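S.K.: This is the structure I have questions about; it appears just below.
The values are calculated or read from the model by the stated rules, or taken from the named source; none is laboratory data. The model shown is predicted, which means the values in this text are computed figures rather than measured ones. Every residue, glycine among them, receives a Cβ derived from its backbone with ideal geometry; neighbour counts consider all protein chains shown. Surface accessibility is based on the protein's heavy atoms, side chains included, excluding ligands, DNA and RNA. Shrake-Rupley method; radii C 1.70, N 1.55, O 1.52, S 1.80 Å.
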Amino acid sequence: MKKLDEIIENIKFGVDYYPEHWPEERWETDAELMEKMGIQMVRMAEFSWHKMEPRCGEFHFEWLDRAVNLLGRHGIYTMLGTPTAAPPAWIVEKNPEILPVDSNGQRKSFGGRHHDCQSNKVYREHVKRIVAAMAEHFKNNPYIIGWQIDNELGNSHDDLCMCESCKNAFSRWLENKYHTIDELNHQWGTSFWSQEYDDFSQIPVPRKTPTVHNPSMLLDWKRFCSDLVIDFQNMQISIIRKISPNQKITHNLMGFYDKTNYFKMAETLDFAANDQYPTGYYFKAPGQPPYEVAACMDFIRCVKQKNFWMMEMQSGPTGGSVIGANPRPGQNLLWTAQSVAHGADEITYFRWRTCLFGAEQFWHGILPHNGVPGRRYSEIQETIQILTPVMDDIHGIVQKAQAGILFSYENEWAIRLQPQNPGLKYDEVVFKYYKEFYKHNITVDFVASGADLGKYRILVAPLLYLMTPELEKRLEKYVKDGGILILTMRTGGMNNNNVCMSENPLPGKLAAIVGAKVEEYDSLYEKNVILNMKDWKGIGEHWCDILSPASAVPIAIYGSEYYKGKAAIVKNKYKNGWVYYIGTDPEEKTMEYLMEKILTDAGMFREKTGNVEIVFRKGRKKEYLFVMNHAEEDCVAEVPGGWNAEERIQLKGYEVKILERNCGNDKSGRQS
Ligand code: GLA
Ligand code: ZN
């Protein structure tokens with residue numbers, strides 16, 4: 001038997017499979033069809049708790065053994081999901097206290113999934129029992145390669161549970177953070193509206209009140225919820241690691257879904273995995289813009305700074321009560337190639353066959369309801385043939401980025417809690433900057449604020465609202481050492497406890513590297529502001545920081561409002577680097593103009609390629625250029641020289657071409 005690492009390295013394609021939904025006589029046909037298609041892995045059992053434990057402590061893994069072993073005989077390995085996203089009715093009947101409570105104090109009902117409170121001790125005992133039993137049972141099965149913990153942790157919890165158990169866990173979390181109640185009162189500013197607490201046990205969870213909660217409390221609640229979900233995950237991980245130390249562990253993350261801090265969540269995983277549905281949820285075609293899909297995958301690559309697996313890749317129309325667009329011919333290959341280009345080492349398609357019943361009977365898989373292979377089957381089969389040799393060569397090699405975007409969950413939470421202008425959304429501002437790099441085919445890393453900043457030539461820190469002295473120092477050092485830093489409106493507005501900064505004018509101590517300070521600010525309602533730039537009249541939206549430059553040079557001046565003539569965007573040389581401060585939210589054309597200037601100054605400018613996305617990947621033997629037409633229409637793409645190809649290549653609608661050359665043939669100096 002081959003070693004697990006070797007097996008895993010060889011796995012490139014999988015499907016999400018639910019044998020429990022089909023008569024057992026069909027399994028053999030499924031396995032044959034999978035094998036013929038090139039499938040090497042299935043994920044199973046992540047919603048099968050009742051089938052595995054129909055009564056407390058009575059385990060039935062025989063059916064799953066048969067499925068695992070049958071697939072194994074066809075050369076298909078299994079990744080098992082722990083089934084804790086869907087506790088069965090008997091658990092809820094026995095322990096109704098495990099059902100989550102909403103912000104009205106109302107207990108939610110059994111049904112759907114994720115109807116569980118993750119701090120509840122009784123629920124955790126049920127979880128420990130099933131996870132340990134599964135791990136014990138499958139630890140020696142040679143076909144099991146590893147585990148997915150739960151399923152999309154944080155999903156389906158609109159607000160996380162607000163029950164008594166969560167309230168107690170929140171108090172303990174706060175006590176651990178602030179040590180004394182006086183310190184918490186001081187940090188949160190509870191003297192406002194007479195909210196001083198005498199004891200941690202008095203602190204509520206953010207259930208509905210007649211008015212609004214303290215913003216420091218709300219931000220800590222978000223942090224607590226994220227930590228709680230991670231703790232729930234890690235509790236399961238430690239059980240499996242103890243029983244079966246060699247099998248791999250992952251979790252299916254959801255791009256920029258913001259309930260849990262994925263940087264922290266991924267620390268205990270062997271590798272990260274992602275779920276991606278490019279047509280989105282019932283959007284009309286063409287669905288989620290391709291740059292957003294690209295950003296999600298770059299993000300998941302960055303949570304561990306390592307290539308990742310795609311644990312659910314859309315294969316057919318999405319659907320609930322209404323049905324999304326059917327993937328157009330070519331789109332399955334296009335989406336798969338895009339994922340691989342951005343760092344997916346493995347692609348698992350969701351789901352093998354469209355289910356006949358249940359809440360997702362319209363969420364289509366590779367096979368239609370009738371189980372007969374059709375267009376999607378052949379397209380994915382062809383996808384596997386085309387991509388396997390490329391994936392063999394680039395597997396495990398992480399692409400290098402010269403551009404970084406600082407991504408902070410805490411800022412996202414804080415801005416979501418208090419957007420300050422209804423148009424300000426953290427993720428949208430992040431995407432705005434990402435999109436400009438994407439248009440120029442520049443690889444981007446998403447960077448946690450504690451990570452090594454020095455490897456990026458340019459670093460964007462959008463809406464860096466919560467500031468700490470450490471972060472100020474790190475940013476100063478980054479610029480001093482030659483980095484190009486882009487800061488935006490609202491930088492340094494708050495301390496880490498969501499309390500307004502007051503020692504210095506904004507952006508606080510960073511004014512020294514910005515070479516300017518914020519005199520006043522203005523939130524724009526139903527109007528925009530004119531931005532006068534060198535050879536461009538631009539538009540700013542949502543927010544205006546009115547800047548007074550010291551050493552900085554203005555590059556955009558307000559052309560309207562009472563601050564007409566004042567600086568809106570400035571650029572400053574600081575030691576060996578540069579800082580741009582963008583005091584407003586530029587609309588797209590203005591952003592495009594601005595970023596072109598910044599990229600040109602940074603020596604990173606590349607021509608835009610419209611709907612065609614171009615990604616460079618270096619393999620062990622060869623180098624590859626993924627040229628992907630995301631539009632329905634045919635087009636001509638301009639590719640850089642040195643690729644044994646015409647400089648202008650024809651692409652049909654949704655077509656992908658992967659150009660190859662031997663390593664070391666690059667004359668353009670292209671790195672990423
Ligand atoms: C998610 C889940 C899957 C399934 C799909 C389709 O990504 O992880 O279990 O529900 O969506 O809806
Ligand atoms: Zn709870």
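S.K.: Please give the length that would be gained between ASP231 and GLU382 if that part of the chain were fully extended, namely 0.36 nm times their separation in residues minus their C-alpha to C-alpha distance (nm, one decimal).
M.R.: 50.2 nm
S.K.: Given Cβ point charges of +1 (Lys, Arg) and -1 (Asp, Glu) and nothing else, what value in debye, to the nearest 20, does the dipole of the chain about its Cα centre take?
M.R.: 1180
S.K.: Further question on the same structure: LYS566's amide H: which non-local residues (gap 5+, or another chain) put their own amide H closer than 5 Å, with H modeled 1.01 Å from N in plane and none for Pro or chain starts?
M.R.: TYR558
S.K.: Can you give me the distance in nm between label points at HIS74 and GLU632, each placed 7 Å from the Cα along the Cα-to-Cβ direction?
M.R.: Here the modelled spin labels are 3.5 nm apart.
S.K.: For GLU20 and LYS473, what does the FRET efficiency come to when R0 = 45 Å and r is the distance between their Cβ atoms, rounded to the nearest 0.05?
M.R.: With R0 = 45 Å, the Cβ-Cβ based efficiency is 0.25.
S.K.: Right, something else. Report, in debye and to the nearest 20, how large the dipole of the stretch 1-95 comes out about its Cα centre when Lys and Arg carry +1 and Asp and Glu carry -1 on their Cβ.
M.R.: So the dipole magnitude of the stretch 1-95 works out to roughly 140 debye.
S.K.: While we're on this one: In the chain, if the dipole is taken from +1 on Lys/Arg beta carbons and -1 on Asp/Glu beta carbons about the Cα centre, which of LEU466, ALA516, SER171 is farthest to the positive end?
M.R.: Highest projection toward the positive end goes to ALA516.
S.K.: Can I ask one more? What fraction of the DSSP beta bridges in the chain is antiparallel, stated in percent and rounded to the nearest 5?
M.R.: Antiparallel bridges make up about 50 percent of those DSSP assigns within the chain.
S.K.: Here's something else I'd like to know. I need the shape label for the stretch 404-517. Rule: rounded when a/c is under 1.5, else prolate if a/b > b/c, else oblate, with a, b, c from the alpha carbon gyration tensor.
M.R.: It is oblate, given that a/c is not under 1.5 and a/b is not larger than b/c.
S.K.: With +1 assigned to the C-beta of every Lys and Arg and -1 to the C-beta of every Asp and Glu, and no other charges, what is the dipole magnitude of the stretch 469-537 about the Cα centre in debye, to the nearest 20?
M.R.: Its charge dipole is roughly 220 debye.
S.K.: Here's a follow-up. Tell me the accessible surface of ARG43 in square angstrom (1.4 angstrom probe, heavy atoms of protein chains only), to the nearest ten.
M.R.: Number for this one is 0 Å².
S.K.: To continue, here is another question. Using a 1.4 Å probe, what is the accessible area per residue for the chain, in Å²?
M.R.: 40
S.K.: Name the residue farthest towards the positive end of the dipole of the stretch 241-387 from the options GLY371, THR279, ALA294, assuming +1 on Cβ of Lys and Arg, -1 on Cβ of Asp and Glu, about the Cα centre.
M.R.: GLY371
S.K.: What's the longest uninterrupted piece of the chain once you rule out the chymotrypsin sites (Phe, Trp or Tyr not before Pro) that are loop residues per DSSP with at most 10 other Cβ within 10 Å?
M.R.: In the chain, the maximal stretch lacking such sites is 1-356.
S.K.: Based on the Cβ-Cβ distance from LYS573 to ASN168, what FRET efficiency comes out when R0 is 45 Å, to the nearest 0.05?
M.R.: 0.25
S.K.: Could you name the lysines in cross-link range of LYS527, using Cα to Cα under 25 Å and dropping any fewer than eight places away on the same chain?
M.R.: Within the straight-line cut-off, LYS527 pairs with LYS425, LYS432, LYS435, LYS517, LYS537, LYS564, LYS566, LYS589.
S.K.: So, with a 1.4 angstrom probe, what is the percent of accessible area on the chain that is carbon and sulfur?
M.R.: The value for the chain is 51 percent carbon and sulfur by accessible area.
S.K.: Once the dipole of the stretch 215-267 is set up with Lys and Arg at +1 and Asp and Glu at -1 on Cβ about the Cα centre, which of PRO245, PHE256, VAL229 lies farthest towards its positive end?
M.R.: PRO245
S.K.: Right, next: Using protein chains only and a probe of 1.4 angstrom, how many square angstrom of LYS208 are accessible, to the nearest 10?
M.R.: It works out to around 140 Å².
S.K.: Report the percentage of all Cα-Cα pairs in the chain whose separation exceeds 35 Å, rounded to a whole percent.
M.R.: So the pairs more than 35 Å apart make up 47 percent of the total in the chain.
S.K.: OK, next. Which value in deg cm²/dmol, rounded to the nearest 500, describes the helix-derived mean residue ellipticity at 222 nm for the chain, given -39,500 (n - 2.57) per DSSP H run of n ≥ 4 and division by the residue count?
M.R.: Dividing the helical sum by the residues of the chain leaves -10000 deg cm²/dmol.
S.K.: Apply 1/(1 + (r/R0)^6) to the Cβ-Cβ distance of ARG375 and GLU520, taking R0 = 60 Å, and write down the FRET efficiency to the nearest 0.05.
M.R.: The calculated FRET efficiency here is 0.50.
S.K.: Okay, next question. Going down the table (LYS304/LYS597; LYS121/LYS304; LYS473/LYS534; LYS108/LYS259; LYS455/LYS575; LYS304/LYS575), which pairs top 24 Å between alpha carbons?
M.R.: Checking Cα-Cα distances, LYS304/LYS597; LYS121/LYS304; LYS473/LYS534; LYS304/LYS575 exceed 24 Å.
S.K.: At 27 Å minimum axial length over the Cα atoms and a Kyte-Doolittle cut of -1.0, report the qualifying DSSP H helices in the chain, or say none.
M.R.: 215-243, 375-394
S.K.: Given a 1.4 Å probe and the protein chains all in place, what does the accessible area of ARG457 round to, in Å² to the nearest 10?
M.R.: 100
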